[in-house]
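Shown next, in structure tokens, is the structure this report addresses.
The values are calculated or read from the model by the stated rules, or taken from the named source; none is laboratory data. Keep in mind the model is a prediction, meaning the values are calculated, not measured. Every residue, glycine among them, receives a Cβ derived from its backbone with ideal geometry; neighbour counts consider all protein chains shown.
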Amino acid sequence: MLKNIILLASILFFGANSTVSAQGKQVKPEASKVNYKFLEDISIEPEAQPVTDNIAKPVATPSVKKDLLAMGGSTTTTNLEGAEALQFKYSLLLDIEVELIKNISLFRLIDDWYGVKYLFGGTGKKGIDCSALMQVLFTSVYGIALPRTAKMQYDFSRRISRTELKEGDLLFFNTRGGVSHVGMYLTNNKFLHASTTNGVTISDIFESYYSSRLIGVGRVLEDRVEHDAIATTLKP
């Protein structure tokens, strides 16, 4: 009887230990699993970091664009330093280098009148004719008073060869009988005039319409300066 009791106690004792041992073994995988998750989380986090970086890059792009645009604007401004926008504009119209546009006062006045419509007998911004435009230019830029009509300006100027043309010389055309149109030579075969169709504009003397009607070239500037100098010298 005592042996049976001892045997039963032994069975219960070892059975309990086995249960505890089994429970300990069951906990270990859970702990291992938890550790695995923990390690797995760590391994995932570095992968998430580049994703965050990739998302941030497009956000920075607009500021980079703005910086580049700002740099572009600054470069454009720098490129135009020493050459006014006016010079740039008329260098394109005349097909010459910007540095060759030197008479700024002349081109400012041209720009002020450019596009004004043609009006026979007109002398203002509402409409102007070719000879009145020459009067405005010569009076404002050179301080020289020209007579009113194209024919009178032809007589007032000295005849020169077409090969001698330079800025400020006058070009005379026969558009409706005799000297009936006048323009100012600028450079590179271009001249300024008040056209009946386009108003105040710049044309090329080799355009067929004008080349076939050009009848004379006159110079006023040098002659007037020399004349005024002589007149001043001869004064008592």
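Of all the listed residues (Leu137, Leu146), the sole one being surrounded by 18 or more Cβ atoms within 10 Å (Cβ to Cβ) and within 22 Å of Tyr90 (Cβ to Cβ) is Leu137.
Just one of the listed residues (Gly115, Gly121, Gly218, Gly168) is at pLDDT 95 or above and part of a strand (DSSP E or B), and it is Gly218. Based on what the data block shows, is Ala132 at negative phi, surrounded by 10 or more Cβ atoms within 10 Å (Cβ to Cβ) and modelled with pLDDT of 95 or more? In short, yes. Exactly one residue among Phe120, Phe156 is loosely packed, with under 15 Cβ neighbours inside 10 Å and more than 35 Å from the chain's Cα centre (by Cα), and that residue is Phe120. Please work out if Ser63 is within 18 Å of the chain's Cα centre (by Cα), at pLDDT below 95 and not acidic (Asp, Glu). No, not satisfied. Scanning the range 98-109 for residues that are under 21 Å from the mean Cα position of the chain (by Cα) and within 13 Å of Thr201 (Cα to Cα) yields a count of 1. Against the conditions (1) at pLDDT 95 or above; (2) on the phi > 0 side of the Ramachandran plot, where does Gly177 fall short? Just the number, please. Among (1) at pLDDT 95 or above; (2) on the phi > 0 side of the Ramachandran plot, the lone unmet condition for Gly177 is (1). I'd like the full set of residues that are farther than 16 Å from Ser195 by Cβ, in a loop (DSSP other than H, G, I, E, B) and in contact (Cβ under 8 Å) with a residue 40 or more places away in the chain, limited to the range 126-153. Within the range 126-153, Ile144, Leu146 meet the criteria.
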